[in-house]
Amino acid sequence: MAALIDEVCWTQRSIRIYGREVLQPRLLCWVGDPEARYRYSGGDYEPEPWTPTLSGIRERIESVTGSRFNSVLCNRYRGGDDAMGWHSDDEPELGAQPVIASLSLGVTRAMKFRPRKGFVEGRTGELPLAHGDLLVMAGDTQHHYQHAIARSRRITTERINLTFRQVMSRT
Ligand SMILES: O=C(O)CCC(=O)C(=O)O
Ligand SMILES: [Mn+2]
């Protein structure tokens with residue numbers, strides 16, 4: 001985690017919500033092979049080059065999952081105020097049934113899940129993601145569910161999450 005904090009070029013991006021520019025409540029960096037361009041939350045991302053630590057982690061995750069990944073979205077939650085809103089990883093560049101491998105480091109945060117259709121308020125699934133946990137989302141997960149990392153008052157320390165993806169080039 002210390003190596004990632006040091007090596008990765010962390011930036012805070014803004015997104016457009018109802019016509020307003022709002023800073024995203026986390027730091028991020030999009031890293032990948034040169035062809036892995038990606039649209040995410042309204043922004044167009046040119047990938048940064050792989051760092052030694054990220055390359056090593058990619059190799060291990062590819063061997064554990066048996067899937068290939070040409071990019072990784074690095075998210076850094078500085079404390080409990082940093083969060084990620086409800087979404088699915090359903091950008092067209094990822095294909096219909098993407099395999100997304102998500103490695104968590106640092107303080108445990110809860111990932112919430114809810115169905116995209118037929119959601120009943122207050123009924124969300126929750127998966128605590130602890131240091132070293134690898135969550136693999138595949139098949140129809142993005143088609144049927146949204147996920148989010150909620151704010152948490154009690155949390156004061158950092159978490160890094162790396163979501164490895166295979167992005168198809170648009171050429
Ligand atoms: O921080 C996490 O565990 C989730 C990150 C995420 O959903 C994403 O990058 O799309
Ligand atoms: Mn996601």
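Name the residues in the range 147-170 that are surrounded by fewer than 12 Cβ atoms within 10 Å (Cβ to Cβ) and either within 22 Å of Q24 (Cα to Cα) or free of Cβ contacts under 8 Å to residues at least 40 places away in the same chain (or both), would you?
R153, R154, T156, T157
Quick one: how many residues across the range 90-113 are over 19 Å from R78 (Cα atoms), free of Cβ contacts under 8 Å to residues at least 60 places away in the same chain and away from ligand 2 (no atom under 13 Å from the Cβ)?
3
State all residues of the range 1-22 that are under 17 Å from the mean Cα position of the chain (by Cα) and not β-branched (V, I, T); if no residue qualifies, say none.
M1, L4, C9, W10, Q12, R13, S14
Select, from H87, H144, the only residue that is farther than 24 Å from Y45 by Cβ and surrounded by fewer than 17 Cβ atoms within 10 Å (Cβ to Cβ).
Checking each option against the conditions leaves just H144.
Mind checking which strands (runs of 3 or more DSSP E) fall wholly inside the range 115-171 and carry at least 3 residues that are in contact with a Lys or Arg (Cβ under 9 Å, 6 or more places away or on another chain)?
Once the strands (runs of 3 or more DSSP E) in the range 115-171 are filtered for at least 3 residues that are in contact with a Lys or Arg (Cβ under 9 Å, 6 or more places away or on another chain), what remains is 125-129, 145-149, 159-165.
Which of the residues that make up the range 1-20 are in contact with a strand residue (DSSP E or B) (Cβ under 7 Å, 6 or more places away or on another chain) and of a type outside the set (D, E, K, R)?
M1, L4, V8, C9, W10, T11, Q12, S14, I15, listed by residue number.
Scan the range 1-25 residue by residue and report those that are surrounded by 14 or more Cβ atoms within 10 Å (Cβ to Cβ), outside any loop (DSSP other than H, G, I, E, B) and modelled with pLDDT under 95.
The answer is I15, and nothing else.
With respect to V31, determine if the residue is away from ligand 2 (no atom under 13 Å from the Cβ), touching an Asp or Glu at 6+ places or on another chain (Cβ under 7 Å), not aromatic (F, W, Y) and not in a loop (DSSP other than H, G, I, E, B).
yes
Any residue that is surrounded by 13 or more Cβ atoms within 10 Å (Cβ to Cβ), under 12 Å from the mean Cα position of the chain (by Cα) and within 19 Å of Q166 (Cα to Cα) - is there at least one of those in the range 49-71?
The answer is yes, given that some residue of the range 49-71 is surrounded by 13 or more Cβ atoms within 10 Å (Cβ to Cβ), under 12 Å from the mean Cα position of the chain (by Cα) and within 19 Å of Q166 (Cα to Cα).
The values are calculated or read from the model by the stated rules, or taken from the named source; none is laboratory data. All values reported here derive from a predicted model rather than from experimental measurement. As a convention, Cβ positions derive from the backbone with ideal geometry for all residues, glycine included, and neighbour counts pool all protein chains shown.
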